[in-house]
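Only the coordinates and a few stated rules stand behind these numbers; no lab work does. All values reported here derive from a predicted model rather than from experimental measurement. A quick note on method: Cβ atoms are made from the backbone with ideal geometry, for glycine too, and the neighbour counts reach across all protein chains shown.
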Amino acid sequence: MKHRFQNPYANNMFKKILIANRGEIAVRVQRTCREMGIKTIAVYSTADKDSLHVRFADEAVCIGPPPSKDSYLSIPKIMAAAEITNADAIHPGYGFLSENANFAEVCKDYNIKFIGPDAKMINSMGDKATAKATMKKARVPVIPGSEGLIDTRESGKTIANKIGYPVILKATAGGGGKGMRVLWQESEFDDAWDSAKAESKNAFGNDGIYLEKFIEEPRHVEIQIVGDQYGKVIHLSERDCTIQRRHQKLVEEAPSPILDNRTRKQMGNAAIKAAKAINYEGLGTVEFLVDKHKKFYFMEMNTRVQVEHTVTEEVIDRDLIKEQIKIAAGERISGKSYEPQFHAIECRINAEDPYRNFIPSPGKITAYHTPKGFGVRVDTHAFANYVVPPYYDSMIAKVIARGNDREEAIARMSRALDEFIIEGIKTTIPFHKQLMRNDQFRSGVYNTGFIDTFELVEEEE
Ligand code: MV4
């Protein structure tokens, strides 16, 4: 019999939450629910029948075959599971349906609380040109560019000439780099326009394009915010996510090695202003690009909990999932914004071969030993003899090391990675080990292009 704390919250706290996700985030949300005395319902595809989130749940419902579109992305199946189990809220995690406005709307129709902002807010941030216009109006710094979508290629060229090359074309439905084109001179415009349009239409069914000045060698710094249902918004400090490969984050840390206190304050205030402008409810992240002169610009807003929320948890010592659930249940935020108290770094451990272009490496994990000890946290759903299915995201663990400063956090991460034993599949552990020893990484001075130039050395494990 599992021990359960009595639900100590007000009468309107949820009694049962359905977690519409899998993997480490499903386990992460379950942990907080259990501590809060809230029952959990897992949903799973047949590929995940033996997974940890199914074992940890109070109830579990199979929602279909392995392909996501028939299981974790199927709104009818998830709503049916919520109905038969009597869930009073749904936590969407990240990915899958977490930023699907239609799903949020359907939850509302079923009188089940979607743990996140309402459909209107998801939509307003999901369309990037609209989001940018909203932020500009709220006087959050945005990158110079077109006012909204570009109608014709000729008007696009006129705007590009006015702001000056290099410029970047972006898909309004985009994110993740799809439909994005960098142009260094006007002669490239026609081809880039045609291919960006075609790619966006194909990927999103929406070929709306806008244009911006291209910021060279930027850093990606984001502010975690949280807003309650009564208009209060605070920020929970920043995360630096500059270490990315093909728009996939590999390492995140807080505080950012490049932010001074003044810029941190300004960015935090800008993020609060952004969230307040849209009456934001829930956990959210305001992403900024930071240029060489430390000027920052609004890029996108994510209306979900992110993979890297753990980094923030470690530096401010707060459970963000708990805050998210409390706000969804109607509690008020107490207190003010947070400053980082520690330094934390997260390495994403993926079932991928870093020596073979990071190709996925699903299969059976034959040995599994996670790092432990002072200042080390591992969030994972994997275990010895677990089979990593080929159908989903390849992330199998997150290692988070906390220290009093960046140097200590890096040293601690390095030793944690040395302790991590995973046999049977390839993982990104060797990549992270070498990165932690890299002089440029250790200097803290690099930009989003860093990983393209980072050369992995073939090593005996
Ligand atoms: C940019 C940019 C430079 N200038 N916008 C990448 C994905 C999408 N969210 C926006 N992205 C970028 N937008 C302007 N005006 C460079 C990127 C970019 C990038 C941004 C953050 C982290 C990694 C990146 C890698 C390549 C390009």
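Worth pointing out:
- More than 17 Å apart - percent of Cα-Cα pairs taken over the range 61-158: 61 percent
- Coil-residue chymotrypsin sites (Phe, Trp or Tyr not before Pro) of the range 39-129, DSSP, other Cβ within 10 Å capped at 16: Tyr110
- Three-way shape call for the range 345-429 based on the alpha-carbon gyration tensor, with the a/c threshold at 1.5: prolate
- Anisotropy class of the chain from Cα gyration tensor, a/c 1.5 cut: rounded
- Residue order, fewest to most beta carbons within 10 Å, for His53, His247, His220: His247, His220, His53
- Computed across the range 144-213, the Kirkwood hydrodynamic radius from all distinct Cα-Cα pairs reaches 11.6 Å.
- Listing Glu222, Glu331, Glu35, Glu458 from fewest to most neighbouring C-beta atoms within 10 Å gives Glu458, Glu35, Glu331, Glu222.
- Rg over Rh for the range 219-453 works out to 0.97, both radii taken from alpha-carbon positions and Rh defined as the Kirkwood radius.
- Look at the dipole of the chain built from charges on Cβ: of Asn269, Ala254, Gly403, the Cα furthest out on the positive end belongs to Asn269.
- Charged neighbours of Thr46, selected by a Cβ distance under 15 Å, balance to +1 (K, R count +1; D, E count -1).
- Pairs beyond 24 Å (Cα-Cα), from Lys113/Lys276; Lys39/Lys426; Lys69/Lys132; Lys15/Lys322: Lys39/Lys426; Lys69/Lys132
- Derived scalar couplings ³J(HN,Hα) [the range 25-40; Karplus, 6.51 cos²θ - 1.76 cosθ + 1.60; whole Hz; x for Gly, Pro]: 6, 5, 5, 4, 5, 4, 4, 5, 4, 4, 5, 8, x, 9, 6, 10
- Altogether, the Stokes-Einstein calculation at 10 °C and 1.306 mPa s, with the Kirkwood radius of the range 16-115 over Cα pairs as Rh, returns a diffusion coefficient of 122 µm²/s.
- Rounded if a/c under 1.5, otherwise prolate or oblate - the range 243-307, Cα gyration tensor axes: oblate
- Karplus-derived HN-Hα couplings along the range 42-52 (A = 6.51, B = -1.76, C = 1.60, θ = phi - 60°), whole Hz, x at Gly and Pro: 9, 10, 8, 8, 4, 5, 10, 4, 9, 8, 5
- 5 angstrom amide H check on Ile209, placed H, neighbours 5+ away: Ile150, Thr172
- Using the Karplus relation 6.51 cos²θ - 1.76 cosθ + 1.60 with θ = phi - 60°, the per-residue 3J(HN,Hα) values for the range 268-277 come to x, 5, 4, 5, 5, 4, 4, 5, 5, 4 Hz, with x marking Gly and Pro.
- Net charge, Val167 excluded, C-beta distance under 12 Å - Lys, Arg +1, Asp, Glu -1: +1
- Local net charge near Ala203, Cβ-Cβ under 13 Å (Lys/Arg +1, Asp/Glu -1): +2
- Charging the Cβ of each Asp and Glu at -1 and of each Lys and Arg at +1, and nothing else, the dipole of the chain about its Cα centre rounds to 1340 debye.
- The DSSP beta bridges internal to the chain are antiparallel in roughly 80% of cases.
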